[in-house]
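Asks: Shown below is the structure under consideration.
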Amino acid sequence: MNDELVNKVMAEVAKTLGVNTASSSTVAATHVTPNTGCNLTEYVGTAIGHTIGLVIANVDRQMREKFGLDEKYRSIGIVGDRTGAGPQIFAADEAVKATNTEILKIETPRDTEGGAGHGCLIVFGAEDVSDARRAVEVTLAETETHFGDVYGNSAGHLEFQYTARASYACNKAWGAPVGKAFGLTVGGPAAIGVLLGDTAVKAATVDVIDVSSPANGTSFSNEVITTFTGDSGAVKQAIIAAREVGMQVLRSMEPSEELKSTTTPYII
Amino acid sequence: MNDELVNKVMAEVAKTLGVNTASSSTVAATHVTPNTGCNLTEYVGTAIGHTIGLVIANVDRQMREKFGLDEKYRSIGIVGDRTGAGPQIFAADEAVKATNTEILKIETPRDTEGGAGHGCLIVFGAEDVSDARRAVEVTLAETETHFGDVYGNSAGHLEFQYTARASYACNKAWGAPVGKAFGLTVGGPAAIGVLLGDTAVKAATVDVIDVSSPANGTSFSNEVITTFTGDSGAVKQAIIAAREVGMQVLRSMEPSEELKSTTTPYII
Amino acid sequence: MNDELVNKVMAEVAKTLGVNTASSSTVAATHVTPNTGCNLTEYVGTAIGHTIGLVIANVDRQMREKFGLDEKYRSIGIVGDRTGAGPQIFAADEAVKATNTEILKIETPRDTEGGAGHGCLIVFGAEDVSDARRAVEVTLAETETHFGDVYGNSAGHLEFQYTARASYACNKAWGAPVGKAFGLTVGGPAAIGVLLGDTAVKAATVDVIDVSSPANGTSFSNEVITTFTGDSGAVKQAIIAAREVGMQVLRSMEPSEELKSTTTPYII
């Protein structure tokens, strides 16, 4: 009984860090949740991180104009979440490769439900609603994977992402060169992110694309984000080196807490 | 005993969503709380959403200048809160209609105590301190009403506001045409807000004034806000249609939680 | 047992306000925590507010360039935190006086783990790594002191800082005149901060340097920050007067909670 309450409190703490457990993870357990409890045609599903996927078959003209969407696509897919930008954007990158869609918008609110990072809003454009829907479905399905190298405790979080071949979502969000290996390191509080970037770039021959910090390239988030390109083996090696250092430092801030993957690490 | 603890935890969770319960709602229960526990002449009262009302009879010259207040008003009324921008601004709109004051400032911090939205800072200017005080009192009293169409769960929140005749607060905050019907839809995470706007504008003949998103017109909040004007019946119809859709979608993100009004719905 | 759980919940609530208790304060109890659990040469220690100190002996050239650090310093000291900007920046101000370092960067994310304020990222530059390390150590040690006039409850927080002689950290962060008395008042929600500034400037003959608000000079934080210079006795008197008023107002927002110093008040 006592344990149950502690669990509730810890779930709240975990949620604050952008590490969804309990209710969300049961929702997201089988990747995309089909239409449970929502019969709207616009509803696609949900995923970990309080992520939701929606589709609009024929966007209203006034909305299109005021929201700044390209006239050329009548259908849009929408993925949004409270916790996570990296996982959902890397997932959307897979979706763009797999479908006949274009990324119209990626915006990253200051969120994570009390944590140090971002949430996300992604809009896909498509000429056909079935393409928009498919892009959203793929994104929701891939989000779980890309939470694999997100690690959090009550002091902060670490995030690592890697792709052997970046596509248009990574390009739109971080200027990743399309078709090349791309990765990133994120540390919050931001101090840790500086060390992650420095460690990564010293561990292998990679090119730094950019370094974002609270006042520069983030939404005043408490993170430093470093993005890399280069040979695919080198990018992976850089990220793995940074991850090893980051785990030690973030663990030192809350030694009594376990620091582990939100789902299952995928950068191996 | 166990229940009491669960209540405490749930109250914290609810607070995180920008849905004040427990301590705040008892404070705010009878609208404006008179001088309980604070005998400062500057203190006016508190309201739901961790909202406070203050008055300064004769603002210092240096403060006026550095804070950027109009020289012409010696007295100011101040309303600020942690949770909510819409409710307090619509309440201030009523206050401006009812008093001899002017809106000097409306600013919307990224807050809601861990939730996806904004807090608020409103400054009224008046030549006479009694006018400034009256404006603050009316705002505090009306805030409860305007929380009526704010709905939240641990995944996000929805907000709907409507007035048959906008005044200077809605004009300052969102460019509402003074004297005309005005309303807005808000959804967080932002993905839901896109669907709300699209649904509203398709449901009735209304004019979209603007669509704000995390990177565009909000304070990096995790919301899409759509504002409307038009015939008063049409504005109301548009909002009610969006509300129906929004409730279904937000409920789908946390099916085990009840999704209900923070106070009592007023758009009927 | 029940009490223990209430403590856990309250610790979470306190943390949300930017008032660290429990786990963090035990970590920070003896000022700088030496290398417990982290054997990296880059690790210096931690302090209250989820503050971490790191050092990089020889920053990578690409990192230096993309992160925008002065070429002239090969070593950097890094202090970052989730909760607090004022305490850590005033502590860094002492560190700059005590060491052969320069402040390269101060950035203030929108954080405090669900609270109304900022976190912080401070970067010191040094030609010698031992200087960088020493600056970080002094900052971590002084942070506890400068949390002495930070007061929080679940409605918001107050912060007061004072130095008889400002140095380069206060200059970089707030334009404080180097070598002169300098102080600041912070109130969140922002409404309270307006009253604090007005009270301070009326209480003694001081010069207002600036007033920052959610949309102007903060990271969309829910605070108004007023900065002062002048005769050292006057600056202190102004701050003490504001503190007295602020405590009454913030207490009125949550009368059932105790409002006390995060550590031990130092402005006396």
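Asks: Checking A:Asp207 against (1) more than 20 Å from the chain's Cα centre (by Cα); (2) crowded, with 21+ Cβ neighbours inside 10 Å, only one condition comes out false. Which one?
Replies: Among (1) more than 20 Å from the chain's Cα centre (by Cα); (2) crowded, with 21+ Cβ neighbours inside 10 Å, A:Asp207 violates only (2).
Asks: Which residue is nearest to C:Ile78 (Cα to Cα), if the candidates are limited to the range C:39-53 and must be crowded, with 24+ Cβ neighbours inside 10 Å and within 7 Å of chain A (Cβ to nearest Cβ)?
Replies: This residue is C:Ile52.
Asks: Within the range B:50-73, which residues are in contact (Cβ under 8 Å) with a residue 60 or more places away in the chain, part of a strand (DSSP E or B) and under 18 Å from C:Gly156 (Cβ atoms)?
Replies: Within the range B:50-73, B:Thr51, B:Gly53, B:Leu54 qualify.
Asks: Testing C:Arg251 on (1) facing chain B (nearest Cβ under 9 Å); (2) within 21 Å of C:Ala155 (Cβ to Cβ); (3) buried (at least 24 other Cβ atoms within 10 Å of the Cβ), one condition comes back false. Which one is that?
Replies: Of everything listed in (1) facing chain B (nearest Cβ under 9 Å); (2) within 21 Å of C:Ala155 (Cβ to Cβ); (3) buried (at least 24 other Cβ atoms within 10 Å of the Cβ), C:Arg251 misses just condition (3).
Asks: Let me ask something else about it. Which condition does A:Gly187 not pass, out of (1) out of contact with any helix residue (DSSP H, G or I) (no Cβ under 6 Å at 6 or more places or on another chain); (2) within 14 Å of chain C (Cβ to nearest Cβ); (3) more than 26 Å from A:Thr101 (Cβ to Cβ), if it passes all the others?
Replies: With (1) out of contact with any helix residue (DSSP H, G or I) (no Cβ under 6 Å at 6 or more places or on another chain); (2) within 14 Å of chain C (Cβ to nearest Cβ); (3) more than 26 Å from A:Thr101 (Cβ to Cβ) applied to A:Gly187, the lone miss is (1).
Asks: Now a separate question. When you check B:Ser212 against the structure, is it in contact (Cβ under 8 Å) with a residue 12 or more places away in the chain, open to solvent by 10 Å² or more (accessible area, probe 1.4 Å) and either touching an Asp or Glu at 6+ places or on another chain (Cβ under 8 Å) or more than 10 Å from chain A (Cβ to nearest Cβ) (or both), yes or no? Quick ask: steps written out before the conclusion?
Replies: On the way: in contact (Cβ under 8 Å) with a residue 12 or more places away in the chain: yes; open to solvent by 10 Å² or more (accessible area, probe 1.4 Å): yes; either touching an Asp or Glu at 6+ places or on another chain (Cβ under 8 Å) or more than 10 Å from chain A (Cβ to nearest Cβ) (or both): yes.
So B:Ser212 passes the test.
Asks: Now, a different point. Identify all residues within the range C:186-208 that are in contact with a Lys or Arg (Cβ under 9 Å, 6 or more places away or on another chain), part of a strand (DSSP E or B) and within 18 Å of C:Asp149 (Cβ to Cβ); write none if there are none.
Replies: The one that is in contact with a Lys or Arg (Cβ under 9 Å, 6 or more places away or on another chain), part of a strand (DSSP E or B) and within 18 Å of C:Asp149 (Cβ to Cβ): C:Gly188.
Asks: Applying the selection to the range A:74-103, what residues are in contact with an Asp or Glu (Cβ under 6 Å, 6 or more places away or on another chain), in contact (Cβ under 8 Å) with a residue 40 or more places away in the chain and open to solvent by 10 Å² or more (accessible area, probe 1.4 Å)?
Replies: Within the range A:74-103, just A:Glu94 meets the criteria.
Asks: Among the numbered criteria (1) at pLDDT below 95; (2) not in a strand (DSSP E or B), which one does B:Val211 miss?
Replies: So the condition that B:Val211 fails would be (2).
Asks: Looking for whichever is within 10 Å of chain C (Cβ to nearest Cβ) and among the hydroxyl-bearing types (Ser, Thr, Tyr) here; the options are A:Ser167, A:Ser261, A:Ser256, A:Ser232. Which one fits? First the steps, then the outcome.
Replies: Working: A:Ser167 fails: within 10 Å of chain C (Cβ to nearest Cβ); A:Ser261 fails: within 10 Å of chain C (Cβ to nearest Cβ); A:Ser232 fails: within 10 Å of chain C (Cβ to nearest Cβ).
So the residue among A:Ser167, A:Ser261, A:Ser256, A:Ser232 that is within 10 Å of chain C (Cβ to nearest Cβ) and among the hydroxyl-bearing types (Ser, Thr, Tyr) is A:Ser256.
The values are calculated or read from the model by the stated rules, or taken from the named source; none is laboratory data. Everything numeric in this text was worked out from a predicted model, so none of it was measured. Backbone-built Cβ (ideal geometry, glycine too); neighbour counts: all protein chains shown. Quick note on the areas: whole protein, heavy atoms, side chains included, nothing else; ligands and nucleic acids left out. Shrake-Rupley method; radii C 1.70, N 1.55, O 1.52, S 1.80 Å.
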